[in-house]
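The values are calculated or read from the model by the stated rules, or taken from the named source; none is laboratory data. Keep in mind the model is a prediction, meaning the values are calculated, not measured. FYI the Cβ positions are ideal-geometry reconstructions off the backbone, even for glycines, and counts take in every protein chain you see. Ligands, DNA and RNA are stripped out before the accessible areas are found, and what is left, the full protein with its side chains, is counted by its heavy atoms. Shrake-Rupley method; radii C 1.70, N 1.55, O 1.52, S 1.80 Å.
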Amino acid sequence: MENKDKETIGLKSIIVKYILQWKLFLVVFILSFIPAVLYLTFYPRTYEFMAGVKFQAEKESSMGSFGIGEAAGLMKSFGISAGGGSVSIDDEIAVITSNRMLRMMILDLGLNVLYSKPYSFYNMYHDTPLKLTADTVTMANLNDEYRFTVSFAPGNIKVKAKSRSGFRETFTFASLPAEIKTGSDKFTLDYGEVPLTGKSFKLNIRYVPLNWMAEDLKESIMVEDISVSSNVLEMSCSEHSIERGKDMLNTLIRRYNEDAASYKQIEDNKTMEFVDNRISLIVADLAKVELDIEAYKTKNDMTLPELDVAFYSEVIKELQTSIIEIESQSRLINMLDEYIKDPANKYNVVPPLFTTDGEKGAITKYNEALLERDRILKNSNETNALFKMADNRVESLRSGVFVMIDNARKTMDETLKDLNLIEKQLISKMKTIPEKEREYVNYRRNQEILQGLYLMLLQKREETVFSLSKQTDRARVIEPAYVKKKPLGPRKLYAAIGILILTLVVPVGSLFVKDLFISLKEEYKRTK
């Protein structure tokens, strides 16, 4: 109890001592307004921007209505069956926030070139009096950041250039546009969008490589799904310029849709080329079969053979339907086999005749690997390590496609063999059927197989034409970019908290240090 009384008395004495120093607290309180005002005045006003998009899955193809037999399940496992598309939100987020997509957005808006006035915290956007651009080679190979200090006066333009790697040089020009050469890099300085008033001025310019700027923006641009079961994404970013913040989100969405439409158009064009080629071949085969049927009817004096074979049982009909379905699938496999094994198509994507993005079969993976190889080759050369890895992966997947097609052919051949055996056994029991009728059935079967393939290819062709003519945005904008009401900074609350902390910490700390110094001084005198 006595210890508690002593602690209470000690605490009271400390509080009273601090209260007696109220003037010090008041002075610090008044002085703390200076950094608070400086913070509210000079800290760049930062806004938060939001946008919303909904990813749309591709509509299910009507090819599924053909339902070509039991082998459809086998074909589906190989990635060449009909079906509807689906959207993987994680995949779409990875694409829309990829370095490549951000680079395209930065390049459109010119965000990798930062303009500012001397001693200013703000970067200018469209209100720049001068404009700095780089040639295509420099832009593609730039791996260093340059800083330019431009002193502009009519008839005398002085540019000081330096880089992180240590490059330093001063250039003088009498007029614009002017070319600035910094080693192997070339830049062009020209007048901007804002007309000059004839007065002298200074301007600071930073030219940042696209990849570096994309890395910085990737950390500031957030993309999140609103729920697990939803295809809607919310996109947000922070920026000092309202116009630039809106442009960043809107341009990123536009670039994503353009890239998705370009990929879809390439795929549809390949499909059209494949389908048109196969249609021409099937038309020729169908014409030949029809001429054979006409010749066979004339030779055997047949007028209405359908009436002669009316006694075929329902079992025979179903059996022949199954044989036709398997033959159709076998022809389709052979078409794909011929296309893939053609040396001219070695590095062409396999047209996804009955493939959707939602199916992850061997052909779909092979096409993705080919597109990845082509994209790397466009941005580098064949000696690049990434290209060699992509090329090896294509070769490995091509072997897998060959094995898949061979297995499918063997399975269908065995199925067809069993069905033909059953058919032969049934027909052998029908001793009354003339030989010419059985031969006619074979002609008709070939004709129906070709007609079925012809109709399927025609329908696929019409679907592809419709897809090419009706391009819809992959990411439908449901909320264009807008700025939130409350800015992120500067915050008055932060300034108030700073004033409170300085008012308490500085006087208390100074008094504590003063008392500590006095006690140490007295202790020193006693021990001396």
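In whole Hz and in residue order, list the ³J(HN,Hα) couplings for segment 202-208 that follow from phi through the Karplus curve 6.51 cos²θ - 1.76 cosθ + 1.60, θ = phi - 60°; x for Gly and Pro.
10, 8, 9, 10, 10, 10, 10
Please work out the FRET efficiency for the pair LYS160 and VAL505, using the Cβ-Cβ distance as r and a Förster radius of 41 Å; give the result to the nearest 0.05.
Numbers: r = 43 Å, r/R0 = 1.04.
With R0 = 41 Å, the Cβ-Cβ based efficiency is 0.45.
Of the listed peptides 139-148, 513-522, 227-236, what is their order by residue-averaged count of other C-beta atoms within 10 Å, with the highest listed first? Write out the running numbers ahead of the final one.
Details: 139-148: 16.3, 513-522: 10.2, 227-236: 14.3.
Result, highest mean first: 139-148, 227-236, 513-522.
Through the Karplus equation 6.51 cos²θ - 1.76 cosθ + 1.60, θ set to phi - 60°, convert the phi angles of segment 506-517 into ³J(HN,Hα) values in whole Hz; use x for Gly and Pro.
Coupling constants for segment 506-517: 4, x, 4, x, 5, 5, 5, 5, 4, 5, 5, 5 Hz.
Any idea how far apart ASN348 and PHE402 come out in nm if each label point goes 7 Å out from Cα toward Cβ?
According to this spin-label approximation, the distance is 2.0 nm.
Considering only C-alpha atoms, what is the centroid distance from segment 229-261 to segment 438-512, in Å?
What the calculation gives is 9 Å, centre to centre.
Where in segment 102-138 is the amide nitrogen less than 14 Å from a point lying 7 Å along the Cα-to-Cβ axis of ASN379?
102-107
Per the Kirkwood formula on distinct C-alpha pairs, the Rh of segment 107-187 is how many angstrom? Spell out each step's value before the answer.
Values: mean 1/r = 0.0725 Å⁻¹.
Radius from the Kirkwood sum: 13.8 Å.
Please quote Rg/Rh for segment 477-528 to two decimal places, taking the Kirkwood radius as Rh and restricting both calculations to Cα atoms.
Values: Rg = 24.2 Å, Rh = 15.5 Å.
With Rg and the Kirkwood Rh in hand, the quotient comes to 1.56.
I'd like the FRET efficiency for SER184 and LEU31, computed as 1/(1 + (r/R0)^6) with the beta carbon distance as r and R0 of 56 Å, rounded to 0.05.
Working: r = 54 Å, r/R0 = 0.96.
FRET efficiency, SER184 to LEU31: 0.55.
Summarise the accessible area of segment 114-158 (1.4 Å probe, protein heavy atoms) by the percent that is carbon and sulfur.
On the way: 1310 of 2460 Å².
C and S atoms contribute 53 percent here.
Each residue of segment 90-95 in order: what ³J(HN,Hα) in whole Hz does its phi give by Karplus 6.51 cos²θ - 1.76 cosθ + 1.60, θ = phi - 60°, with x for Gly and Pro?
Once rounded to whole Hz, the list reads 4, 5, 5, 5, 4, 6.
Relative contact order, percent, of segment 182-246 when contacts are C-alpha pairs under 8 Å separated by at least 6 residues? Show your work: numbers first, answer last.
Details: 26 pairs, mean separation 11.0, N = 65.
17 percent.
For segment 271-300 and segment 133-192, compute the distance between their C-alpha centroids and round to whole Å.
Answer, in whole Å: 67.
What does the extension gain come out to for THR172 and TYR122, with contour length at 0.36 nm per residue minus their alpha carbon separation?
Values: separation 50, 0.36 × 50 = 18.00 nm, distance 2.66 nm.
Extending this stretch completely gives an extra 15.3 nm.
Find out how many positive minus negative residues lie around ASP127, taking Lys and Arg as positive, Asp and Glu as negative, among other residues whose Cβ is under 12 Å from that of ASP127.
Details: positive: LYS117, LYS131, ARG244; negative: GLU193, GLU243.
Spelling it out: positives minus negatives among the neighbours equals +1.
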